[in-house]
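Where a number appears in this text, it was derived from the coordinates with a stated rule and is not lab data. As the structure is a prediction and not an experimental result, all values here were calculated from the model. Positions of Cβ are backbone-derived with ideal geometry, glycine not excepted, and every protein chain shown enters the neighbour counts.
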Amino acid sequence: MIQKLISKIQKTHAPIVVGLDPMLGYIPDHIKSKAYAEFGETLEGAAEAIWQFNKEIVDHTYDIIPAVKPQIAMYEQFGIEGLKAFKKTVDYCKEKDLVVIGDVKRGDIGSTSAAYAVGHLGKVQVGSKTYTAFDEDFATVNPYLGSDGIKPFIDVCKEEKKGLFILVKTSNPSSGEFQDQLVDGKPLYELVGEKVAQWGEECMGDSYSYVGAVVGATYPEMGKVLRKIMPKAYILVPGYGAQGGKGADLVHFFNEDGLGAIVNSSRGIIAAYKQEQYLKFGAENFGEASRAAVEDMVADIDGALKNRG
Ligand SMILES: O=C(O)c1cc(=O)[nH]c(=O)n1[C@@H]1O[C@H](COP(=O)(O)O)[C@@H](O)[C@H]1O
């Protein structure tokens, strides 16, 4: 799957991920009214609204992007109906040949991680039959529990040719509370980065490992250090746009080959129609506004990479 991700990035010239984080507040009224008219102001109505919203964004962007990242919390908040919308979104994106990164941030003791890995990336056995449940291509994973919490994910990835993005340095303001603590003179995020590189060694595609990392765009200096610590890890870089990250902050997340990083923007793309520069599209045409925001993001990153010294 890492090869598919890389070849799609090369084909689209877009090292970006559209984050499908459909909070109701971002969904235009015309979509919500239609869903509520059919299903009422219910969990089902909310799920229908997020599915219709996602579909329109995907339909307007799938040909110019390599990947999407649905964030499961935005679906889970609506219970089972929300999870059905998550699954529908995953399946639809795969039909459109997009790489799907399930932003599920799982990780537990080994036996529990194994169940998460099976549910999101693998196959589950029921009697004599096997089923795929959510079936994303990549999943985000939390490494706090250590190697035995990660290994079951790696085992499933090996079997299913899928991949991981392991949290190394997160984009949020408090990420330093634990992640920057010095352990034997080194910040914890560096130690985790070293571990990701080690876990990834036995999981190589042609040039990159399918065990990747998450490093926030909001910490560019740390990104530069981590790039060197994990030269073969693909880095998923959230924090662009709504959290303040810009193209110029991202250049050191990429390797000299122009690969190695994929930048996520969620609100900046899906709620583009609410931003001043895209107001001209109007809420009815939110899909077109999202497409314009994708094009601007790609140009911003491309320009920064061309200018890097
Ligand atoms: O794993 C992630 O994707 C993630 C890690 C991180 O350090 N920071 C971060 O923002 N994210 C996710 O990336 C998305 C960012 O959304 P926007 O700020 O709207 O672009 C959300 O889905 C977050 O859950």
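Give me the number: length gained by fully extending LYS129 to GLN77, i.e. 0.36 nm times residue separation minus the C-alpha to C-alpha distance, one decimal in nm.
Extra length available between LYS129 and GLN77 comes to 15.7 nm.
Can you tell me the relative contact order of the chain? Whole percent, Cα pairs under 8 Å, sequence separation 6 or more.
Reported relative contact order: 17 percent.
For the stretch 17-56, just run the numbers: alpha carbon Rg, then divide by 2.2 N^0.38 Å, N being how many residues it has. Walk me through the numbers before you get to the answer.
Numbers: Rg = 9.6 Å, N = 40, 2.2 N^0.38 = 8.9 Å.
The stretch 17-56 yields a ratio of 1.08.
Suppose every K and R has +1 on its Cβ and every D and E has -1 on its Cβ; what is the size of the dipole of the chain about the Cα centre, in Debye to the nearest 20?
Dipole of the chain, to the nearest 20 debye: 400 debye.
How much length, in nm to one decimal, is gained on full extension between ASP257 and GLN181, taken as 0.36 nm per residue of separation minus their Cα-Cα distance?
24.2 nm
Calculate the length of the line joining the C-alpha centroid of the stretch 167-210 to that of the stretch 29-46, in whole Å.
With the stretch 167-210 and the stretch 29-46 each reduced to a Cα centre, they are spaced 42 Å.
Would you tally the net charge around LYS280, using a Cβ to Cβ cut-off of less than 14 Å, leaving LYS280 out, and scoring K and R as +1, D and E as -1?
Net charge in that neighbourhood comes out at -2.
Given H placed 1.01 Å from N in the peptide plane, which residues other than close sequence neighbours of ILE166 have an amide H under 5 Å from its amide H?
Correct list: VAL141, GLY212, ALA213, VAL214.
In bins 20 Å wide, starting from 0, what share of all Cα pairs of the chain does each bin hold, as a percent?
Result, from short to long distances: 34, 58, 8 percent.
How far apart, in nm, are the 7 Å Cα→Cβ label points at ALA304 and ILE64?
Computed distance between label sites ALA304 and ILE64 equals 1.9 nm.
Mind checking the full-extension length gain between SER174 and ASP91? Use 0.36 nm per residue of separation minus the Cα-Cα distance, one decimal, nm.
Length gained between SER174 and ASP91: 26.5 nm.
What longest region of the chain stays clear of GluC sites (Glu not before Pro) that DSSP places outside H, G, I, E and B and that have at most 14 other Cβ atoms within 10 Å?
42-201
Trypsin sites (Lys or Arg not before Pro), restricted to the stretch 78-150: which are DSSP loop and have at most 16 other Cβ atoms within 10 Å?
For trypsin sites (Lys or Arg not before Pro) across the stretch 78-150 that sit outside H, G, I, E and B with at most 16 neighbouring Cβ atoms in 10 Å, the list reads LYS96.
Highest GNM mean-square fluctuation, the chain, Cα pairs closer than 10 Å: which of LEU145, LEU164, LEU83?
Maximum fluctuation in the GNM of the chain, among the listed residues, is at LEU145.
Would you work out which of LEU191, GLY268, GLY241 lies farthest towards the positive end of the dipole of the chain? Charges go on Cβ: Lys and Arg +1, Asp and Glu -1.
LEU191
Just going by the charge dipole of the chain, with Lys and Arg at +1 and Asp and Glu at -1 on Cβ, which of VAL100, GLY212, PHE78 is farthest out on the positive end?
GLY212
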